[in-house]
Amino acid sequence: MFQFTDRFDIIENDELILQITKKFSADDRLIHFYYYDIVRKSDMKRVGNIRVRIGNNFHSYYNGHIGYEIFEEYRGKGLAYKACREVLCVERFHGMDFVYFACDESNIPSKKTIEKLGAEFIEAADVPKEYFAWREGMERRLIYKLKL
């Protein structure tokens, strides 16, 4: 049975602090996940957020196990890459041996971040209507897999 840990409520490196804000339990569509604020140490500004999803289901393939957002004024500095590298320990702790990453086909910065992490491209997928976040006109998703 899944159990959240407090071990990773704060994750940090020389540049960033990842501070847990919420822990969400699974439901019929979403798997368990941790939600972190990304804070830049130099000025303690919140620069984005990152979600770490644990487990696998139909939706995790199209949603990915790690999702991130860097606020527009802080983009282009490698912060998403650095945050993603730091949260891989959470996935490993929960016994994950791989993670999926997914991004919209037009999201070139995210694609570059995922590839820099060393994830292997699987496919450009049309998203099925059964996916929980499906919407009319939704872009194809680029799906990647990173072995841990």
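Based on the Cβ-Cβ distance from residue 9 to residue 30, what FRET efficiency comes out when R0 is 22 Å, to the nearest 0.05?
On the way: r = 20 Å, r/R0 = 0.93.
Between residue 9 and residue 30 the formula returns 0.60.
If the limit is 29 Å between Cα atoms, which of 41/111; 77/145; 45/129 go over it? Could the numbers behind the result be given before it?
Working: 41/111 26 Å; 77/145 23 Å; 45/129 38 Å.
Check vs 29 Å cut-off fails for 45/129.
Of all accessible surface on the chain at a 1.4 Å probe, what whole percent is carbon and sulfur?
On the way: 3780 of 8120 Å².
Carbon and sulfur atoms account for 47 percent of the accessible area of the chain.
With every protein chain kept in place and ligands, DNA and RNA left out, what is the accessible area per residue of the chain? Probe 1.4 Å, answer in Å².
Details: 8120 Å² over 148 residues.
Accessible area per residue: 55 Å².
Against the empirical 2.2 N^0.38 Å scaling, what ratio does the C-alpha Rg of region 16-148 come to?
Working: Rg = 14.4 Å, N = 133, 2.2 N^0.38 = 14.1 Å.
So region 16-148 has a normalised radius of gyration of 1.02.
Treating the beta-carbon of each Lys and Arg as +1 and of each Asp and Glu as -1, no other charges, what is the dipole magnitude of region 101-148 about its Cα centre, to the nearest 20 debye?
On the way: 9 positive and 9 negative charges, 47 e Å.
In total the dipole reaches around 220 debye.
In debye, nearest 20, what is the charge dipole magnitude of the chain about its Cα centre with +1 on Lys and Arg Cβ and -1 on Asp and Glu Cβ, if you could check?
Values: 24 positive and 24 negative charges, 44 e Å.
So the magnitude is around 220 debye.
Give the residue list of trypsin sites (Lys or Arg not before Pro) in region 92-142 that are DSSP loop and have at most 14 other beta-carbon atoms within 10 angstrom. Show your work: numbers first, answer last.
Values: sites: 92, 111, 112, 116, 129, 135, 140, 141; in loops: 129, 135, 140.
For trypsin sites (Lys or Arg not before Pro) across region 92-142 that sit outside H, G, I, E and B with at most 14 neighbouring Cβ atoms in 10 Å, the list reads 129, 135, 140.
The values are calculated or read from the model by the stated rules, or taken from the named source; none is laboratory data. Because the structure is predicted, anything quoted here is derived from the model rather than measured. Cβ coordinates were reconstructed from backbone atoms using ideal geometry, including for glycine residues, and neighbour counts include every protein chain displayed. When the accessible area is computed, the model is the full protein with side chains, heavy atoms only, and any ligands, DNA or RNA have been set aside. Shrake-Rupley method; radii C 1.70, N 1.55, O 1.52, S 1.80 Å.
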